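Chemist: Just passing along the structure, written as structure tokens.
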Amino acid sequence: MEYSNDRVFEFNVKQGEPALVPPTEETEKGLYFLSNLDQNIAVIVRTVYCFEAGVKGNESAAEVIKDALAKVLVHYYPLAGRLTISSEGKLIVDCTGEGAVLVEADADCTMDMIGDIAKPDPITLGKLVYNIPGAKNILDIPPLVAQVTRFKCGGFVLGLALNHCMFDGLGAMEFVNSWAETARGLPLTVPPFLDRNILKSRVPPKIDFPHHEFAEIKGISNVVDIDNDEMLYRSFCFDPKKLEHLKRKAMADEALDKCTTFEALSGFVWRARTQALQMHPDQQTKLLFAVDGRSRFNPPLPKGYFGNGIVLTNSLCNVGQLIHNPLSFSVGLVQKAVKMVTDDYMRSAIDYFEVTRDRPSLNATLLITTWSRLSFHNSDFGWGEPMQSGPVTLPEKEVILFLSHGKEEKSINVLLGLPATAMPIFEELMQI
């Protein structure tokens, strides 16, 4: 997959030797259970946090962050272990206590020269996150890898590589904020709840699963070859006025009584992307998106639950239906998918993986992940809140990411990649 972007600036980063950062106190050893909701999303998520120099400069940044990491790992001790495979063939954590990996680095430029990081860019931003040399799979990569890169202006960037099987977006946000609180000498606002056994599969598992995001897409292939065409990556900002306009448009034909911002934006983007890819009208298209199930379990998951509390739900229809019906049609499909997610649905998702070990097919699929409610940008390690933060890359070509944008976080950035031949059509459709 190729990335095309508008950046022409080249800079170099000199990385030091990686260091292991173990917890400051003795922690539990042995195997740590990961639930079935953790198994399907064992991918590395790379993010960067850019901090201005302020009055402190960056000389002590790596040491402060390293010391705080050692302390916070006492609470989050599984992150100091290593992933392995259990006797059942599942991912599990061996709590060895050997520590997370931290690398100090220096860039040969000022931080402002890397520009706006609103769009994922693995070429530029990838230099700010450490890659484990020779890693063949996720078992070779520690659950937490950090890099602190100092810039000539006195600012610095914290680059993180976190394995999604350890936590979802909310859990990762709580961890990073706990790490930042520790760096400022504060107690944890949200201590982690570590026991994942509350999400064990039921015995015997159900056979009639309502959990059906694994459905295969049938029909004619895309006209645009999303696998072989050069990929362009773009960021589209939807300000509050545009989002309100979108909601009104979704309800204009009175087919819907109400809709949320997420529902309107998801239905709109799904429809536009399908049009841009010029898929055949008779082909099926699928929308997958993650729903936070913490409050949907009965009883709800405990506050600070350390793990994945999300499940994928889906909508499925023919391309012709999606494109030729009004916006209310696609938004209505999103609403139905959200309503499906109940306690029984969540637990059936856990049971389904126990029986089949299937992973969702992404053929002719759009997968939307929303970070717009996650306050990663609030993480203050003692240098103030990051001036900007965001992902290094999108995990898959089928993924679209929603991120909050602006000082008041009321705008949403839509990040996506499309084949070069499809992007101009999508850009035109965004002009609402």
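The values are calculated or read from the model by the stated rules, or taken from the named source; none is laboratory data. Everything numeric in this text was worked out from a predicted model, so none of it was measured. Cβ placement follows ideal geometry from the backbone for every residue including glycine, while neighbour counts extend to all protein chains displayed. Heavy atoms of the whole protein, side chains included, go into the accessibility calculation; ligands, DNA and RNA do not. Shrake-Rupley method; radii C 1.70, N 1.55, O 1.52, S 1.80 Å.
Chemist: Condition test on Ala118, is it surrounded by fewer than 17 Cβ atoms within 10 Å (Cβ to Cβ), in contact (Cβ under 8 Å) with a residue 60 or more places away in the chain and within 22 Å of the chain's Cα centre (by Cα)?
Modeler: Here the answer is yes, as Ala118 does meet what is asked.
Chemist: Give region 71-91 a look and list any residue that's in a helix (DSSP H, G or I) and either open to solvent by 10 Å² or more (accessible area, probe 1.4 Å) or within 11 Å of Gly382 (Cβ to Cβ) (or both), or say none.
Modeler: Answer for region 71-91, where residues must be in a helix (DSSP H, G or I) and either open to solvent by 10 Å² or more (accessible area, probe 1.4 Å) or within 11 Å of Gly382 (Cβ to Cβ) (or both): Lys71, Tyr77.
Chemist: Tell me, please, whether a residue that is within 22 Å of the chain's Cα centre (by Cα) and among the aliphatic types (A, V, I, L, M) can be found in region 275-284.
Modeler: no
Chemist: Taking region 324-342 as the search range and keeping residues that are of a type in the set (S, T, N, Q) and within 23 Å of the chain's Cα centre (by Cα), which one is most open to solvent (accessible area, probe 1.4 Å)?
Modeler: Ranking the qualifying residues of region 324-342, first place goes to Thr342.
Chemist: Something else now. In this structure, is Ser35 at pLDDT 95 or above, within 25 Å of the chain's Cα centre (by Cα), of a type in the set (S, T, N, Q) and open to solvent by less than 70 Å² (accessible area, probe 1.4 Å)?
Modeler: So Ser35 fits the description; yes.
Chemist: Give the residue that is most open to solvent (accessible area, probe 1.4 Å), with candidates limited to residues of region 307-323 that are over 23 Å from the mean Cα position of the chain (by Cα) and in contact (Cβ under 8 Å) with a residue 12 or more places away in the chain.
Modeler: Asn318
Chemist: Quick check, is Pro142 buried (at least 20 other Cβ atoms within 10 Å of the Cβ) and in a loop (DSSP other than H, G, I, E, B)?
Modeler: Taking the combined requirement at face value, the residue satisfies it.
Chemist: Going through region 319-336 one residue at a time, which ones are under 20 Å from Val399 (Cα atoms) and either touching an Asp or Glu at 6+ places or on another chain (Cβ under 9 Å) or modelled with pLDDT under 95 (or both)?
Modeler: Val319, Val331, Val334, Gln335
Chemist: Give just the number: which of (1) open to solvent by 50 Å² or more (accessible area, probe 1.4 Å); (2) modelled with pLDDT of 90 or more does Pro395 not satisfy?
Modeler: Condition not satisfied by Pro395: (2).
Chemist: Same structure, new question: Taking Ala422 and the conditions (1) out of contact with any Leu (no Cβ under 8 Å at 6 or more places or on another chain); (2) modelled with pLDDT of 95 or more, which numbered condition does it fall short on, given that it satisfies the others?
Modeler: Unmet for Ala422, out of (1) out of contact with any Leu (no Cβ under 8 Å at 6 or more places or on another chain); (2) modelled with pLDDT of 95 or more: (1).
Chemist: Pairs, please: C-beta under 8 Å, at least 6 apart or cross-chain, first residue on the phi < 0 side of the Ramachandran plot and among the acidic types (Asp, Glu) and in region 229-258, second modelled with pLDDT of 90 or more and in a helix (DSSP H, G or I)?
Modeler: Cβ pairs passing all conditions: Asp253/Ser328.
Chemist: Also, quick follow-up: What are the residues in region 51-69 that are open to solvent by 10 Å² or more (accessible area, probe 1.4 Å) and in contact with a strand residue (DSSP E or B) (Cβ under 7 Å, 6 or more places away or on another chain), if any?
Modeler: Asn58, Lys66
Chemist: While we're here: Residue check: is Gly57 under 30 Å from Cys153 (Cα atoms), of a type outside the set (A, V, I, L, M, F, W, C) and in contact (Cβ under 8 Å) with a residue 40 or more places away in the chain?
Modeler: Against the criterion (under 30 Å from Cys153 (Cα atoms), of a type outside the set (A, V, I, L, M, F, W, C) and in contact (Cβ under 8 Å) with a residue 40 or more places away in the chain), Gly57 qualifies.
Chemist: Do we have any residue at all in region 370-387 that's touching a His at 6+ places or on another chain (Cβ under 6 Å) and open to solvent by less than 30 Å² (accessible area, probe 1.4 Å)?
Modeler: yes
Okay, residues lined up against (1) acidic (Asp, Glu); (2) over 30 Å from Phe236 (Cβ atoms):
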site	(1), (2)
Gln15	no, yes
Asn36	no, yes
Glu63	yes, yes
Leu69	no, yes
Val93	no, yes
Ile117	no, no
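Chemist: Continuing with the same structure: When you check Asp94 against the structure, is it in a strand (DSSP E or B), open to solvent by 30 Å² or more (accessible area, probe 1.4 Å) and in contact with a strand residue (DSSP E or B) (Cβ under 9 Å, 6 or more places away or on another chain), yes or no?
Modeler: yes
Chemist: Kindly provide the set of residues from region 373-407 that are closer than 17 Å to Glu181 by Cα, over 12 Å from the mean Cα position of the chain (by Cα) and part of a loop (DSSP other than H, G, I, E, B), ordered by number.
Modeler: The answer is Ser375, Ser379, Asp380, Phe381, Gly382, Trp383, Gly384, Glu385, Pro386.
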